[in-house]
Amino acid sequence: MGSGGGPIRSLIMDKAGSLYGTTWLDGLHQRGAAFKLTPSMGSWMYTSLHDFTNGDDGGIPISNL
């Protein structure tokens, strides 16, 4: 993630305990990102799921995933 805005809505947890969310100004294009946080040995492993481009995929999400 970049240095923009972090999540402004709630994270969603799956049955395995992983968290999913969106950021509104982070990501490769600074237009937001979707991400996953997976519990791993007392910490969290970050996985980028999508970097929004503000094109056909939208951008600057201000909602839950």
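The values are calculated or read from the model by the stated rules, or taken from the named source; none is laboratory data. Treat the numbers as computed from the prediction; the structure is a model and nothing was measured. Every residue, glycine among them, receives a Cβ derived from its backbone with ideal geometry; neighbour counts consider all protein chains shown. Areas reflect the complete protein model, heavy atoms only, side chains present, ligands, DNA and RNA absent. Shrake-Rupley method; radii C 1.70, N 1.55, O 1.52, S 1.80 Å.
For the reader, a short list of remarks on this structure follows.
- Count of region 1-46 residues which are open to solvent by less than 50 Å² (accessible area, probe 1.4 Å) and among the β-branched types (Val, Ile, Thr): 3
- Look at region 9-33: where a residue is more than 21 Å from Ile60 (Cβ to Cβ) and a partner is modelled with pLDDT of 95 or more and β-branched (Val, Ile, Thr), sitting 6+ places away or on another chain with Cβ atoms under 7 Å, you get Ser18/Thr38.
- Of the strands (runs of 3 or more DSSP E) lying entirely inside the chain, those containing at least 2 residues that are under 13 Å from the mean Cα position of the chain (by Cα) and of a type in the set (A, V, I, L, M, F, W, C) are 33-40, 43-51.
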